[in-house]
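A short write-up of the structure that comes next.
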Amino acid sequence: MKNILTIIFATYFSLLIVEVLFMFTNLDYDTERSNIQKLIKLKKKTISFDKRNLIEFYSDYKKINKNVVLSTTSTGLNSHLDSSFIINGVNKILPLSGISNKETILCNENGYYAKYNSDNFGFNNPSRWQKKV
């Protein structure tokens, strides 16, 4: 029993020393991941981020293109958002695609709102593949 406790304590103490070593030195900051994080921070400073929310952007863009629509599947599987619709007060449906043949506003992850032209089925696909299916 003493041997097991000694091994557990020695392992814990060794890991604690390594953690303290990382905290007070730059050993963990010289990794490739930290270089990528530095590049991301640098790019964020150079990108002009669109700070409008989705509804504000949609209202402004609707003045330019009257046929633009919001993505019906943009909520995806987020647990805090309900992407289902109720039809006739009874039936609940979950859309699998967007509205067909429309310019669709998707999201703002990179500082600008992503838009795409949906195909005949409402998906973000190139229009040329339809004839080969």
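The values are calculated or read from the model by the stated rules, or taken from the named source; none is laboratory data. This structure is a prediction, so every number in the text was calculated from the model and none was measured. All Cβ positions, even for glycine, are placed from backbone atoms using ideal geometry, and neighbour counts span all protein chains on display.
For this structure, a couple of remarks:
- Which numbered condition residue 73 misses (of (1) outside any helix (DSSP H, G or I); (2) surrounded by fewer than 14 Cβ atoms within 10 Å (Cβ to Cβ); (3) at pLDDT below 80): (2)
- Candidates in the stretch 85-117 are the residues that are surrounded by 10 or more Cβ atoms within 10 Å (Cβ to Cβ), assigned to a strand (DSSP E or B) and not β-branched (Val, Ile, Thr); of these, the one that is farthest from the chain's Cα centre (by Cα) is 85.
- For first residues located in the stretch 24-43 and at pLDDT below 75, partners that are assigned to a helix (DSSP H, G or I) and lie 6+ apart or on another chain with Cβ distances below 6 Å form the pairs 28/22.
- One residue stands out in the stretch 37-70 among those that are of a type in the set (Phe, Trp, Tyr) and surrounded by 11 or more Cβ atoms within 10 Å (Cβ to Cβ): the one that is nearest to residue 99 (Cα to Cα), namely 58.
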